[in-house]
Every structure is written in structure tokens, then in C-alpha cells.
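**Q** What follows is a single structure, and I will ask about it in a moment.
What follows is calculated from the coordinates using simple rules that are stated; it is not laboratory data. Predicted, not measured: the structure shown is a model, and the values here were computed from it. Please note: Cβ atoms are built from the backbone with ideal geometry, for glycine as well, and neighbour counts cover all protein chains shown.
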Amino acid sequence: MTSDTLTGGCQCGAVRYRIDGQVEYPHLCHCRMCQKASGNYFLPLAFAPGDALTITRGEPGWFHSSDPVRRGFCANCGTPLFFDPVDSEGMSFTLGSLDDPAALPPEMNDGEASRVPFFHGLCSLTSKEVDRDDLSPVIDSSNHQHPDHDTSEWPEAAR
């Protein structure tokens, strides 16, 4: 797939990671466990083989969703980050937690038996832009979300 360095992490910045080397199998998993783990209709994942994935800040919390699989998440903000088959040589990561999620588009679907029946119609939904004029200044001045790049510390001292 790709051999570029990818970085990512959770929403609050407590857990950060880096991937160096090949990334495999970017996909959307529709299985019921992934739906529950993400709180969404599917979970976008890709696999980082071997020791390509390094956690560079913090330590994720772990939940064994089944005996052979544990799922890593930020225990501080709850962001789903990892899908770790414990007997595998490597670990999957959530594509939405990448600093640049568009850098690795999914190429396949998996777990389609549990795919929600309206999945194919999602792109045809009517779009609406939310008027953020009233909320934008408050959100912008109180944003606690980690930026989409590595930082030497977080929260930054200047915040």
C-alpha cells in the first residue's frame, strides 16, 4: 500500500502513534463488533505489519472484545485507535485517527453480513451546512482537540 510515515492519535492528544513502513488492507469493517466499538455504522481500519506501528505518547486502554482480539482506545477521551489480534505480527489502526485521514483511503469492505441496509444510500442524503456563527467563536476559543500533527507536549504550554 504505502511506505510513507503516517502519524495519528486520539482527540485529546494523550495517545499518539507513528507508522513507518508498509500499511496493508485499508478497509471498512461493517461487523457488529466494530459497529459497537466505534459507535458508528462501520469502522475504517488498516493493518501495520510487524513493528511498523509505534506508540509515541501515552498508553492506550485496552478492551478484549473477544479472546483473540483486543481494542485500544484513549482512556482519557474515548477515541477508538487500535484493533490488535493478539496472536498477529502487527496491529490495525483506525483510519479516522490519522492526522491526515485522506492519506489512506479504504480499498475494501469487510464484515458485510452486518452492514446496515441503508449504507449505499448515505451519499445521496440531503446536505445541510450548519450555521456556526453563534457557536464558532466559543468553540474556536475553547478548543481542546489535539491538532493534526505531533507536538512536543500536550496540552501546549501556551494554551
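**Q** Please state the shape class of the range 65-152: rounded when a/c is under 1.5, otherwise prolate if a/b exceeds b/c and oblate if not, all from the C-alpha gyration tensor.
**A** Numbers: a/c = 2.27, a/b = 1.27, b/c = 1.79.
The shape class here is oblate.
**Q** Still on this structure, please answer the following. Checking the a/c ratio against 1.5 first, then a/b against b/c, what shape does the Cα gyration tensor give for the range 85-135?
**A** Values: a/c = 2.87, a/b = 1.49, b/c = 1.92.
The shape class here is oblate.
**Q** Also, I was wondering about something else. Please arrange 139, 19 by counting, for each residue, the other beta carbons lying within 10 Å of its beta carbon, fewest first. Each step should come with its number before you reach the end.
**A** On the way: 139 11, 19 22.
Ordered by Cβ neighbours within 10 Å, fewest first: 139, 19.
**Q** According to the square roots a ≥ b ≥ c of the eigenvalues of the Cα gyration tensor, what is the shape class of the range 1-56, taking rounded for a/c under 1.5, prolate for a/b larger than b/c otherwise, and oblate for the remainder?
**A** Taking the square roots of the gyration eigenvalues as a ≥ b ≥ c, the range 1-56 is oblate.
**Q** Could I get the Rg over Rh figure for the range 1-151? Both from C-alpha atoms, Rh via Kirkwood, rounded to two places. Walk me through the numbers before you get to the answer.
**A** Working: Rg = 16.4 Å, Rh = 16.6 Å.
Radius of gyration relative to Kirkwood radius: 0.99.
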